[in-house]
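So the structure is just underneath, and the comments pick up after that.
The values are calculated or read from the model by the stated rules, or taken from the named source; none is laboratory data. Remember, it's a predicted structure, so these values are computed and weren't measured experimentally. Cβ placement follows ideal geometry from the backbone for every residue including glycine, while neighbour counts extend to all protein chains displayed.
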Amino acid sequence: MRGSRQGGCSTLLLMATPIRSIRNLGPAMEGAFAQVGITSAEELREMGTDAAYAMLLRGGQRPHFIAYYVLEMGLQGRPWNDCKGAEKTRLRARFDRLKAENTPKTSALDAILDEFGVRPAASLKG
(Lines give C-alpha, C1' and ligand atoms only; values in the text may rest on other atoms or scores of the structure.)
Protein backbone atom coordinates (compact mmCIF):
# COMPACT_ATOMS: atom_id res chain seq x y z
CA MET A 1 0.00 0.00 0.00
CA ARG A 2 1.09 3.51 -0.74
CA GLY A 3 -0.28 6.72 0.56
CA SER A 4 -0.20 9.98 -1.35
CA ARG A 5 -1.16 13.55 -0.64
CA GLN A 6 -2.61 15.67 -3.39
CA GLY A 7 -4.22 19.05 -2.87
CA GLY A 8 -4.45 18.60 0.88
CA CYS A 9 -6.33 15.28 0.60
CA SER A 10 -4.84 12.02 1.71
CA THR A 11 -5.44 9.12 -0.65
CA LEU A 12 -4.71 5.48 -0.05
CA LEU A 13 -3.80 3.51 -3.17
CA LEU A 14 -4.20 -0.22 -2.91
CA MET A 15 -2.08 -2.39 -5.11
CA ALA A 16 -3.74 -5.60 -6.26
CA THR A 17 -1.82 -8.73 -5.38
CA PRO A 18 -1.10 -10.97 -8.39
CA ILE A 19 -2.93 -14.30 -8.49
CA ARG A 20 0.41 -16.06 -8.95
CA SER A 21 1.29 -14.96 -5.39
CA ILE A 22 -1.15 -17.61 -4.13
CA ARG A 23 0.58 -20.88 -3.34
CA ASN A 24 0.42 -23.43 -6.21
CA LEU A 25 -0.87 -20.92 -8.79
CA GLY A 26 1.35 -19.69 -11.60
CA PRO A 27 1.15 -17.62 -14.77
CA ALA A 28 -1.11 -20.09 -16.62
CA MET A 29 -3.81 -19.99 -13.94
CA GLU A 30 -3.38 -16.24 -13.59
CA GLY A 31 -3.96 -15.88 -17.34
CA ALA A 32 -7.01 -18.15 -17.30
CA PHE A 33 -8.56 -16.15 -14.46
CA ALA A 34 -7.78 -12.86 -16.21
CA GLN A 35 -9.72 -14.09 -19.26
CA VAL A 36 -12.85 -14.35 -17.11
CA GLY A 37 -12.29 -11.05 -15.30
CA ILE A 38 -10.63 -12.21 -12.08
CA THR A 39 -7.43 -10.20 -11.90
CA SER A 40 -6.22 -10.22 -8.31
CA ALA A 41 -5.54 -12.61 -5.47
CA GLU A 42 -7.95 -10.58 -3.35
CA GLU A 43 -10.82 -11.13 -5.82
CA LEU A 44 -10.04 -14.83 -6.06
CA ARG A 45 -9.93 -15.29 -2.29
CA GLU A 46 -13.19 -13.39 -1.86
CA MET A 47 -14.96 -15.53 -4.48
CA GLY A 48 -13.66 -18.85 -3.22
CA THR A 49 -12.79 -21.98 -5.13
CA ASP A 50 -16.21 -23.02 -6.40
CA ALA A 51 -17.41 -19.65 -7.71
CA ALA A 52 -14.06 -18.87 -9.34
CA TYR A 53 -13.74 -22.30 -10.93
CA ALA A 54 -17.33 -22.11 -12.20
CA MET A 55 -16.40 -18.85 -13.95
CA LEU A 56 -13.47 -20.61 -15.62
CA LEU A 57 -15.74 -23.38 -16.88
CA ARG A 58 -18.38 -20.95 -18.16
CA GLY A 59 -15.57 -19.02 -19.84
CA GLY A 60 -14.62 -22.07 -21.88
CA GLN A 61 -11.80 -23.61 -19.85
CA ARG A 62 -11.74 -27.38 -20.00
CA PRO A 63 -12.58 -29.04 -16.68
CA HIS A 64 -9.58 -30.55 -14.93
CA PHE A 65 -9.85 -32.00 -11.44
CA ILE A 66 -6.21 -31.43 -10.53
CA ALA A 67 -6.47 -27.71 -11.38
CA TYR A 68 -9.57 -27.52 -9.19
CA TYR A 69 -8.01 -29.07 -6.12
CA VAL A 70 -4.73 -27.20 -6.65
CA LEU A 71 -6.79 -24.00 -6.45
CA GLU A 72 -8.57 -25.19 -3.29
CA MET A 73 -5.31 -26.12 -1.60
CA GLY A 74 -3.69 -22.85 -2.69
CA LEU A 75 -6.50 -20.74 -1.25
CA GLN A 76 -6.00 -22.62 2.02
CA GLY A 77 -2.24 -21.95 1.88
CA ARG A 78 -1.49 -25.68 1.58
CA PRO A 79 0.73 -27.56 -0.87
CA TRP A 80 -1.20 -29.00 -3.81
CA ASN A 81 -0.23 -32.58 -2.94
CA ASP A 82 -1.68 -32.25 0.57
CA CYS A 83 -5.10 -33.25 -0.78
CA LYS A 84 -5.68 -36.92 0.02
CA GLY A 85 -8.21 -39.51 1.11
CA ALA A 86 -11.67 -38.46 2.21
CA GLU A 87 -10.92 -34.78 1.58
CA LYS A 88 -9.98 -35.53 -2.04
CA THR A 89 -13.15 -37.62 -2.43
CA ARG A 90 -15.29 -34.71 -1.16
CA LEU A 91 -13.50 -32.30 -3.49
CA ARG A 92 -14.10 -34.68 -6.41
CA ALA A 93 -17.84 -34.63 -5.69
CA ARG A 94 -17.83 -30.81 -5.60
CA PHE A 95 -15.82 -30.70 -8.84
CA ASP A 96 -18.20 -33.11 -10.60
CA ARG A 97 -21.19 -30.98 -9.54
CA LEU A 98 -19.50 -27.78 -10.75
CA LYS A 99 -18.57 -29.42 -14.03
CA ALA A 100 -22.13 -30.65 -14.61
CA GLU A 101 -23.64 -27.25 -13.81
CA ASN A 102 -21.15 -25.03 -15.67
CA THR A 103 -19.87 -26.93 -18.71
CA PRO A 104 -21.71 -26.34 -22.00
CA LYS A 105 -23.56 -29.41 -23.24
CA THR A 106 -21.95 -29.90 -26.64
CA SER A 107 -21.39 -33.23 -28.35
CA ALA A 108 -18.01 -34.03 -29.86
CA LEU A 109 -19.51 -33.72 -33.35
CA ASP A 110 -21.08 -30.34 -32.53
CA ALA A 111 -17.75 -29.12 -31.18
CA ILE A 112 -16.03 -30.05 -34.45
CA LEU A 113 -18.79 -28.43 -36.51
CA ASP A 114 -18.54 -25.29 -34.35
CA GLU A 115 -14.79 -25.21 -34.89
CA PHE A 116 -15.38 -25.13 -38.65
CA GLY A 117 -18.33 -22.74 -38.28
CA VAL A 118 -20.78 -24.95 -40.14
CA ARG A 119 -23.70 -25.08 -37.69
CA PRO A 120 -26.35 -22.39 -38.16
CA ALA A 121 -26.47 -19.78 -35.37
CA ALA A 122 -29.97 -20.93 -34.26
CA SER A 123 -28.62 -24.39 -33.41
CA LEU A 124 -25.95 -22.90 -31.13
CA LYS A 125 -28.52 -21.71 -28.58
CA GLY A 126 -29.10 -23.71 -25.41
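Quick notes on this one:
- Residue that is farthest from PRO27 (Cα to Cα), among those in segment 50-106 that are among the hydroxyl-bearing types (Ser, Thr, Tyr) and not in a helix (DSSP H, G or I): THR106
- Qualifying residue in segment 3-19 (condition: among the small types (Gly, Ala, Ser), at pLDDT 95 or above and either surrounded by 13 or more Cβ atoms within 10 Å (Cβ to Cβ) or not in a helix (DSSP H, G or I) (or both)): no
- Qualifying residue in segment 72-81 (condition: out of contact with any Phe, Trp or Tyr (no Cβ under 6 Å at 6 or more places or on another chain), free of Cβ contacts under 8 Å to residues at least 24 places away in the same chain and under 30 Å from VAL118 (Cβ atoms)): no
- Failed item, numbered, when ASN24 is tested on (1) at pLDDT 95 or above; (2) farther than 21 Å from ARG90 by Cα; (3) not in a helix (DSSP H, G or I): (2)
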